[in-house]
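Everything below concerns the one structure shown next.
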Amino acid sequence: MPQGCAIRKNQYYDSVFLMGVNSRLSKIAGVRQTAVLMGSEKNKVLLGDMGIRAREIDEAGPNDLVIAVLADDEATVRSALEGVDAALHSMEATTTPSEIHTLEDGLRVKSDANLAVVTLPGEYVYAEARKALDAGLHLFIFSSNVSLEQERELKQLALSRGLLVMGPDCGTSILGGVGIGFANAVRRGTIGVIGPSGTGLQEFTCQVHHAGGGISHAIGTGSHDLSNDIGGSTTLMALEALERDPSTDVIALVAKPAGDQTLRVLTARLQACTKPVVVCILGRSDRAPDAGLEWMPTIDAAARAAIEMCGMPATGWTSTLTISDPGLSPDVSARRPPRQRFLRGLFAGGTMCYQSQQILSQAGLTVFSNAPLGVDGLLENPEQSVEHTLIDMGDETYTQGRLHPMIDGTLRAQRILAESVDPEVAVLLLDFVLGTNAAKDPVGDIVGAIIEGRHRRAKEAGNLTVVASICGTEDDSQDLSQQASLLMEAGVHVFWSNARATDYCIELLRDQQEVA
Amino acid sequence: MTEPIDDLLRGPLVIVNLGLRGFAESLEAQADDVVQVDWLPPAGGDAEMIDLLDKLL
């Protein structure tokens, strides 16, 4: 396939900017694949893997911008590359550059800084994070691709200085009402929550909010913190801090599976906690009760238990959580041809995908995924769904050189259309995550594909039922009620909770024999 | 004894944002004290030179 590249020497841009340019170039007719990235060694390997090789790329350095295009013909390649500068200028016009380019200069401007938020490429994180710790700053590290050795070193150093390292790969924190990274505008209150998963924390804090409760702090720890390699360093420090914190009455821990060794240490520490504790470790719901600990099977159950521990009634919980609960239409399954009997889930939130798998598995369904509960459920080809399949579209397969599906719904919209034409699909399950740094109109970006998919299916035999959850509050900038209305107008059954939406899918599939 | 993390939770947050501008903008929208660093790789991104500089400084 014809290809070409352009290099812009000494023009460094952050990843979101580059992906914005990439997105513009990829929409040009005839363009098959594009890459807009900095010329680091890692990125050069990535380009090589895409089959893009050129002497100019070999010679490019980490501060040089590389633009590569594969297209149907040479003329399209040339035209796309000629448009690069216009795309760059157009993107630059929407931002006001900062004159500050180093952590040291930043600290000269804010000498009283107490927190560094780091979203740099993974290979640069360790050195900058060390400098921040040396300067006495706590850390929120959103970046991934930081080695476990480096994470362990950073956390050991932080521990020796009493500093908190949220991350690496930390999506969400809310400290004293201030959302960092991806966070929802939730009410302040007396429930403190700790967790390694960004969307897990978002779902928990939103469920607490919807039930009338509030959050003192939500402390993200980074996705690897509960591994045996890291040993729960940040989790344990956060737990002690919330135990001392006068604004926190109840402490919750929401996580995906933890390393056995870490879990033993953590359980002992949780049992010794002087404040009431609620624990939800997805994938561990079959756990026997531990003295003094409430183990909850779902995020909803954990939120409800935390609310009750605060002395608030949990009455009206179900209706509060449901935007649209149309009830079961008895003829929904009857109208389907017999072979149309499978569920497909396409998720922006990794924890939503995980929790849905857990709920479906417990209902007796065999579920496949690119991010499965256990090795048995691993999907051979993530692009090819089989039977009941749930896809975590935030997985690396889909985010390499692309924006996360919480920011850019393009790939998910494409996959919705692909699943819609599969004659075996009966129900489509989606999640939408609102809040800071998420897409401005997450439903609007995708609803066209939902309508088109349902239309295509209606023209053939059968019908496609679409079920969605929205993780968000009325105070998020995306306008929760408008997002929900858009979905409902498209015939989607909408819930405020991933667990409830998943339960509803089970009801829809209940006629199938494999559901227990 | 007050730990540094207790001060962090008590607030206010004073933040240095290294990298994505959108993160700083969302913090500013919450009326937080934040400085944006349009970070550039030191030493032109040369890993060996960065390592050398880190050892010298």
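Return yes when A:Leu70 is surrounded by 19 or more Cβ atoms within 10 Å (Cβ to Cβ) and in a helix (DSSP H, G or I) and no when it is not. Walk me through how you get there before you give the answer.
Details: surrounded by 19 or more Cβ atoms within 10 Å (Cβ to Cβ): yes; in a helix (DSSP H, G or I): no.
Judged against the criteria, A:Leu70 is not a match.
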- [ ] Within region A:244-268, count every residue that is open to solvent by 20 Å² or more (accessible area, probe 1.4 Å) and either assigned to a helix (DSSP H, G or I) or of a type in the set (A, V, I, L, M, F, W, C) (or both).
- [x] 6
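Going by what's in this entry, would A:Gly409 be described as surrounded by 21 or more Cβ atoms within 10 Å (Cβ to Cβ) and in contact with a His (Cβ under 8 Å, 6 or more places away or on another chain)? Break it down into steps so the answer makes sense when it comes.
Values: surrounded by 21 or more Cβ atoms within 10 Å (Cβ to Cβ): yes; in contact with a His (Cβ under 8 Å, 6 or more places away or on another chain): no.
So A:Gly409 does not fit the description; no.
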TODO: Report, by residue number, each residue of region A:398-419 that is in contact with a Leu (Cβ under 6 Å, 6 or more places away or on another chain) and free of Cβ contacts under 8 Å to residues at least 60 places away in the same chain.
DONE: A:Tyr398
Open item on the list: Restricting to region B:15-46, and then to whatever is facing chain A (nearest Cβ under 8 Å), outside any loop (DSSP other than H, G, I, E, B) and over 22 Å from A:Thr96 (Cβ atoms), can you tell me which residue is modelled with the highest pLDDT?
Closed with: B:Pro42
TODO: Only residues that are open to solvent by 30 Å² or more (accessible area, probe 1.4 Å) and out of contact with any Leu (no Cβ under 9 Å at 6 or more places or on another chain): list them for region A:1-42, please.
DONE: A:Arg24, A:Ser26, A:Lys27, A:Ile28, A:Ala29, A:Glu41, A:Lys42
Task: Residue pairs meeting the criteria (Cβ under 8 Å; at least 6 apart or on separate chains; first outside the structural domain of A:Arg344 (by TED's automatic domain parsing), in region A:363-391; second among the basic types (Lys, Arg) and in a loop (DSSP other than H, G, I, E, B)) - done: none
Task: Top-ranked residue of region A:75-104 - restricted to ones that are assigned to a helix (DSSP H, G or I) and within 14 Å of chain B (Cβ to nearest Cβ), ranked as nearest to A:Val21 (Cα to Cα) - done: A:Met91
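Filter region A:331-382 for residues that are part of a loop (DSSP other than H, G, I, E, B) and of a type in the set (Ser, Thr, Tyr); which is farthest from the chain's Cα centre (by Cα)? If you could, list the steps in order and put the result at the bottom.
The first filter runs over region A:331-382 and keeps only residues part of a loop (DSSP other than H, G, I, E, B), leaving A:331-341, A:348-349, A:363-366, A:370-374, A:379-382.
Pick out the ones that are also of a type in the set (Ser, Thr, Tyr) and you get A:333, A:366.
On the way: A:Ser333: 32, A:Thr366: 24 Å.
For region A:331-382, the residue satisfying everything is A:Ser333.
The values are calculated or read from the model by the stated rules, or taken from the named source; none is laboratory data. For clarity, every value in this text was computed on a predicted model and none was experimentally measured. FYI the Cβ positions are ideal-geometry reconstructions off the backbone, even for glycines, and counts take in every protein chain you see. All accessible areas refer to the heavy atoms of the entire protein, side chains included, with ligands and DNA or RNA removed. Shrake-Rupley method; radii C 1.70, N 1.55, O 1.52, S 1.80 Å.
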